[in-house]
Amino acid sequence: MGQKAPHVALECTLQSLPNMVILAEEVANSKLTLFDITKQICDAVQARGEQDKHHGVILLLEGLIKSFPEVYALLQLNQIWLRFLHLFYSSYFPIRPLFLKIITDESLCLYLDA
């Protein structure tokens, strides 16, 4: 889902009536940080706890994590690092190190193209 299908998330919201919904588009447009969203969730849980409501549902989309600027930068850095490691080890070493052995060439290509 994530940014590709927010209408599915909105339909889930209408059907399940959660206490809180956090959409990736909302986070991106408001330029909220991971800390801001965490604080909102904690405040909502605390407010419900004060009302003796020790239960609730929060709907988070799977693409939400990519909406945070700090996390997006880390994901980009990780992708650059993996490209470097792949090129470096495939050029200079005939034997792949252990941490690259668990990643097949097909998986690495799919990940790096994403």
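Please give the net charge around GLN40, taking every other residue with its beta carbon less than 15 angstrom from that of GLN40, where Lys and Arg add +1 and Asp and Glu add -1.
For residues surrounding GLN40, the net value is 0.
Enter the accessible area per residue of region 1-56 (Å², integer; probe 1.4 Å; all protein chains in place).
Spelled out: the 1.4 Å probe surface of region 1-56, per residue, equals 71 Å².
Going by a ≥ b ≥ c, the root eigenvalues of the Cα gyration tensor, does region 15-67 fall in the rounded group (a/c under 1.5), the prolate group (a/b larger than b/c) or the oblate group?
Oblate.
The values are calculated or read from the model by the stated rules, or taken from the named source; none is laboratory data. Treat the numbers as computed from the prediction; the structure is a model and nothing was measured. FYI the Cβ positions are ideal-geometry reconstructions off the backbone, even for glycines, and counts take in every protein chain you see. For accessibility, only protein heavy atoms count, side chains too; no ligands or nucleic acids. Shrake-Rupley method; radii C 1.70, N 1.55, O 1.52, S 1.80 Å.
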